[in-house]
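**Q** Sending over a structure as structure tokens; questions will come in a sec.
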Amino acid sequence: MAGQPILKLYNTLTREKAAFAPIDPTNVRMYVCGPTVYDYAHIGNARPAIVFDVLFRLLRHVYGENHVTYARNITDVDDKINARALRDHPGLALNEAIRLVTEKTETQYLEDAKALGCLDPTVQPRATENIAGMIEIIERLIAKGHAYQAEGEVLFDTRSMADYGRLSNRNLEDQQAGARVAVDAHKRNPGDFVLWKLSSESEPGWDSPWGRGRPGWHIECSAMSQRYLGEVFDIHGGGLDLIFPHHENEIAQSRCAHGTDVMANVWMHNGFLQVEGRKMSKSEGNFVTIYELLHTEKFGGRKWPGEVLRLAMLMTHYREPIDFSIKRLEEAERLLAKWPLVKESGAAPDTTVISALADDLNTVAAVQALHALAQAANAEPALLATYAASAALLGVQPKETEIDEALASAVDALVAMRLEMLKAKNFAEADKIREDLAVKGVQLKDGKDAATGERVTTWEVKR
Ligand SMILES: Nc1ncnc2c1ncn2[C@@H]1O[C@H](COP(=O)(O)OP(=O)(O)OP(=O)(O)O)[C@@H](O)[C@H]1O
Ligand SMILES: [Zn+2]
């Protein structure tokens, strides 16, 4: 930790950028709300995954690899999942259909995240494996007078919490105004939200003191964060759209159940990835999935490497909106093409890259610094190790960029063959070899051996 720049983070809760001080520097704890696994993730959903992956990498760098716990949950119980299961597998029993939907979606999400260069979080708990923890919190809330039962639901009583609404800066009166009273007649206050609701025979459910039912969405994160990170932890993240109601309600549940002043010290929210000024979202229908970008030609008539998608995302500060376009991806690709291919090195990262990231994850400045370093390293190979370590901090370098041996010997053979052809003045064939290799990303460089004056050819892999 010594000699590291002070890490500053913007906190939605205080609306200020402040120096980060972990509760326990030997175990820095971060929770990020993960996907609801009913459908493939779109590239907007990739933004929090990438942003908080960069923060995870930075925290590991500052506090040590084994001193950071990052939990990102998988929401595998939700009415959207039930609906999708019924639609896609009408012939199956609901539980079986749900399992198919959630397993397939979760597997794809993990593959997408990997392709985007994200490290696995330390833990990835599933909601369905944490029902007991949710029931326990709800029981505590009822016992303390923060929750009540009404019409087959257990609801959180928002009036029971003096400073409910602090994160999103809303007061209960604001919420009163827009409430649809008729629909929510069983609620004491319009803003009260569901902790538990009874399930019909055909809906998925778990036994509880209030009957067979299922949890609300917000309670899942309160239970999973407590289990893996404790009652109070360091950082809680997610997209801007989660501030209200999701994070507000997580806070209400956790603080009232545990009697604490905060749930997490720092609340961080990424801005939206937009298409023509509108948030990319499933309900708007203006989305493209990560899978489609990586594996199909749906966007811009071609596939896009995960690294390009990731860099395109990091070329904007995480709190700003991003307009997602082909132009932006091409820009990221052009930049990457200028950077050297390196193996991961154990060297210390460049200090300008670290300082940029330490300033509330200023990835824009970090990418600029990395680019300058890449160019310097292109001219001065001694800098390659520093470059490699810095690129790894942003996660824009594949972990092991080994040029595989089979490719290397095939290229060597072609290069030798081409030299023979040049000697025989068979220029057309020689050029064809050069062009074929170029298409594969291998660039040849001709020179002369200083001692013998003979032609020699070296090669390198360009992106
Ligand atoms: N367009 C976007 N830009 C940035 N982050 C987003 C965007 N859309 C969703 N997110 C974030 O992705 C994460 C996963 O969200 P969630 O599973 O609720 O998405 P979703 O409900 O499937 O998305 P949608 O908003 O399209 O309905 C959350 O942190 C959310 O804030
Ligand atoms: Zn959450």
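**Q** log10 I(q)/I(0), Debye, Cα-only region 240-294, no solvent, q = 0.13, 0.25 Å⁻¹?
**A** -0.51, -0.99
**Q** What 222 nm value per residue comes from the helices of the chain, counting each DSSP H run with n ≥ 4 as -39,500 (n - 2.57) and dividing by all residues, nearest 500 deg cm²/dmol?
**A** Values: 15 runs with 191 residues, N = 463.
Roughly -13000 deg cm²/dmol at 222 nm, from the helical runs in the chain.
**Q** Quick one: Karplus J couplings for region 60-71, per residue in order, coefficients 6.51, -1.76, 1.60, θ = phi - 60°, nearest Hz, x for Gly and Pro?
**A** For region 60-71, the Karplus-derived couplings read 5, 5, 6, 9, x, 3, 9, 10, 10, 10, 10, 10 Hz, x marking Gly and Pro.
**Q** What's the center-to-center distance, using Cα atoms, between region 407-457 and region 195-230 in Å?
**A** A separation of 66 Å, based on Cα centres.
**Q** If you find the alpha carbon centre of region 140-170 and of region 343-359, how far apart are they in angstrom?
**A** Distance between centres, Cα-based: 45 Å.
**Q** Can you run phi through the Karplus equation (6.51, -1.76, 1.60; θ = phi - 60°) for region 413-418 and list ³J(HN,Hα) in whole Hz, with x for Gly and Pro?
**A** Each residue of region 413-418 in turn: 5, 5, 5, 5, 4, 5 Hz.
**Q** Follow-up question, since we're still on this one. Would you give the gap between the C-alpha center of region 32-62 and the C-alpha center of region 248-263, rounded to a whole Å?
**A** Answer, in whole Å: 24.
**Q** Using the Cα gyration tensor of region 405-461, with a ≥ b ≥ c the square roots of its eigenvalues, what is the shape: rounded (a/c below 1.5), prolate (a/b larger than b/c) or oblate (neither)?
**A** It comes out oblate by the Cα gyration axes.
**Q** Let me know the charge dipole size of region 9-270 about its Cα centre in debye, to the nearest 20, where only the beta-carbon of Lys, Arg (+1) and Asp, Glu (-1) is charged.
**A** 380 debye
**Q** If you average the sequence gap of Cα pairs under 8 Å that are 6 or more apart and divide by the length of the chain, what percent do you get for the contact order?
**A** 16 percent
**Q** With the contact rule set at Cα under 8 Å and sequence spacing of 6 or more, what percent relative contact order holds for region 405-461?
**A** Numbers: 46 pairs, mean separation 14.4, N = 57.
About 25 percent, as a whole number.
**Q** Check Gln274: other-chain or 5+ apart residues with amide H under 5 Å from its amide H, H built from backbone geometry?
**A** Met280, Ile322, Asp323, Phe324
**Q** Now a separate question. For a quick protection proxy, order the peptides 43-56, 208-221 by their average other-Cβ count within 10 Å, most packed first.
**A** Per-residue mean Cβ counts within 10 Å order the peptides as 43-56, 208-221.
**Q** Calculate the radius of gyration of the Cα atoms of the chain to one decimal place, then report Dmax, the largest Cα-Cα distance, as a whole number, both in Å.
**A** 26.5, 93
**Q** Can you run phi through the Karplus equation (6.51, -1.76, 1.60; θ = phi - 60°) for region 135-148 and list ³J(HN,Hα) in whole Hz, with x for Gly and Pro?
**A** Result, rounded to whole Hz: 4, 4, 5, 4, 4, 5, 5, 5, 4, 8, x, 9, 9, 8.
**Q** Here is a further query. From Cα pairs below 8 angstrom and at least 6 apart in sequence, can you work out the relative contact order of region 9-270, rounded to a whole percent? Can you show the working numbers first?
**A** Numbers: 420 pairs, mean separation 63.2, N = 262.
Dividing the mean separation by the residue count of region 9-270 yields 24 percent.
Every number in this text was worked out from the coordinates using simple rules, so none of it is lab data. What you are looking at is a predicted structure, and each value in this text was computed from that prediction instead of being measured. Cβ sites come from the backbone with ideal geometry, for glycine too, and all protein chains shown count toward neighbours.
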